[in-house]
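One structure below.
The values are calculated or read from the model by the stated rules, or taken from the named source; none is laboratory data. Just so we're clear, the structure is a prediction, and the values are computed from it rather than from any experiment. Here the Cβ positions follow ideal geometry from the backbone for every residue, glycine too, while neighbour counts run over all protein chains shown. We work out accessible area using only protein heavy atoms, side chains counted, and drop any ligands, DNA or RNA first. Shrake-Rupley method; radii C 1.70, N 1.55, O 1.52, S 1.80 Å.
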Amino acid sequence: MPTPSVVLATAGYDHTVRFWEATRGVCYRTLQYADSQVNRLEITPDKRYLAAAGNPHVRLYEVNASNPQPVTSYDGHTGNVTAVGFEPRGSWMYTGSEDGTVKIWDLRAGGYQREYESRGAVTSVVLHPNGTELMSADQNGNIRVWDLTANACSCELVPEVGTAVQSLTVAGDGSLVVAGNSKGTCYVWKLQPGSKTTAQFEPLHRLNAHNGSYVLKCLISPDCRLLATTSSDKTIKLWNLDGFKLERVLEGHQRWVWDCVFSVDAAYLVTASSDTTARLWDCSTGEAIRVYSGHHKAVVCCALNDSAVSDAVEAETDINSP
């Protein structure tokens, strides 16, 4: 069976993962995740597998199969897994957890290969485009850079003492890092594009994105033009990174908006909300063009992969190959 060109999945507190026909808004497959709620979803670069992060496990499911069982379970965290992602070739996975650790997992091996102690409940982890550094944020308000070559923390930032950083995002060209916190503020730092270390963060802007409300997710678009912020104030805001002007306010969700993901061309945004729905938005008009309804409780995570897949990536990410 061919892998679908667009993979869209949502999950949350009803213990299910749902796959959707993105353009029609129809759910075509539902997986039961019996252990816990699902906190985060991520699709492998080759679109063959979906990682679902719960409490305290990460399960890996086949995207294009009828098998309802996970093909692999990653056990090692002792608390809610709040972050999950893959390196671009899909050979390893990184996770962060409320147990205070960031872990790296070889998808073809058992257990985790590396562990970094954050000394605070981890809320977000992102991989720098250089592929050699992870950045993590925690509920104590700390941001740390983990140098994977030196296998150590190379930098620590505290944008606002005692204020939890809820979300981190790094531009695809490595030029910017944005952190959103629980007071509605986004801090923006400039990085040296192409540099091998992010130890030098240059403060660029302080954005009052959602005054007095939580920033639950911040995400830089693939074309590095927009910053999306989702909030407990029920809105999503799109900011132009050239001057940090507000371009659009996306309104329609009835409760907190927990997660978002851009299409590869940055023309569309998918969001997940406590109102039990996910929505597909046209970024140019601010209109919701699809509502994905079917979950029975809060939807707190979504994953979308509509990018082209190269043969090299497909070969690299086959976890069943020797």
Per residue, how much accessible area does the chain have with a 1.4 Å probe, in Å²? 40
Would you tally the net charge around Gly184, using a Cβ to Cβ cut-off of less than 14 Å, leaving Gly184 out, and scoring K and R as +1, D and E as -1? +3
Any idea of Trp258's accessible area? Nearest 10 Å², probe 1.4 Å. 80
Could you give each residue of region 162-169 its phi-based ³J(HN,Hα) in whole Hz, using Karplus coefficients 6.51, -1.76, 1.60 with θ = phi - 60°, and x for Gly or Pro? x, 9, 4, 8, 8, 7, 10, 8
Other-chain or far-sequence residues with amide H under 5 Å of Thr276's (modelled H): Val299
Pop out the carbon and sulfur fraction of the accessible area of the chain as a percent, whole number, probe 1.4 Å. 47
Roll a 1.4 Å probe over the protein heavy atoms and report the accessible area of Lys245 in Å², nearest 10. 130
Lys and Arg at +1, Asp and Glu at -1: neighbours of Asn211 with Cβ under 13 Å from its Cβ sum to +2
From the cross-link list Lys217/Lys245; Lys234/Lys297; Lys47/Lys234; Lys103/Lys183, which pairs have alpha carbons spaced over 20 Å apart? Lys47/Lys234; Lys103/Lys183
Remind me, relative contact order of region 79-288 in percent, using alpha carbon pairs under 8 angstrom and six or more residues apart? 10
Going from most exposed to least, what order do Glu62, Glu115 have by accessible area with a 1.4 Å probe? Glu115, Glu62
